[in-house]
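Reviewing the structure listed below.
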Amino acid sequence: MSEVKPTRTPRAAPTTASQPTELPTQAVETPEIPRVSAPPIPAMPSPIQNPYPLGFDAVAALCETQATLMRGAEALADEMSGLIRAGIATTTASAAALLGVKTLTEAIEIQTDFARRGVDTMLAGATKVSGIGAKFVADAFKPLLGGLGDSRMGARTG
């Protein structure tokens, strides 16, 4: 049997750099853009000489508030760490006492005393923490509320 060989069709030769392509030579007109001048900036009214101190007062009040909040957070952290130390000391004392227990009645008394001291410590600590929190929040917002009253008064009279 004879085999059929596929025949190739000749391709067109690729264009080289020596053969330039023709580009259209039409002139394109660009429209002229009109120039517009900005309107003049109006002068500031004379009663307000410098409006920026109101902003500086607000920033100063915010900074003072933030400093007070940080002092309050530090006081809360100190109180909480004291409560944790007291809890650890109570637990250690109760555990040491339980090691020397000889009867079930003694163990129940030690556990009851441990629970009572834990609840008393928790209530006393919660009272202290809530007092510290209320005080530092009230102190923190005094600069903001005072500055707000001053700026409103200044805005009314100015």
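Can you give me the three principal axis dimensions of the stretch 53-157 from its C-alpha atoms, in Å, biggest first?
Dimensions of the stretch 53-157 along the principal axes of its Cα atoms: 81, 17, 8 Å.
Take R35, R116 and order them by how many other Cβ atoms sit within 10 Å, fewest up front.
R35, R116
I'd like the per residue volume of the convex hull spanned by the Cα atoms of the stretch 80-133, given in cubic angstrom.
It is 43 Å³ per residue.
Just so you know, all these numbers are worked out from the coordinates, no wet-lab data involved. These numbers come from a predicted model, not from an experiment. Cβ coordinates were reconstructed from backbone atoms using ideal geometry, including for glycine residues, and neighbour counts include every protein chain displayed.
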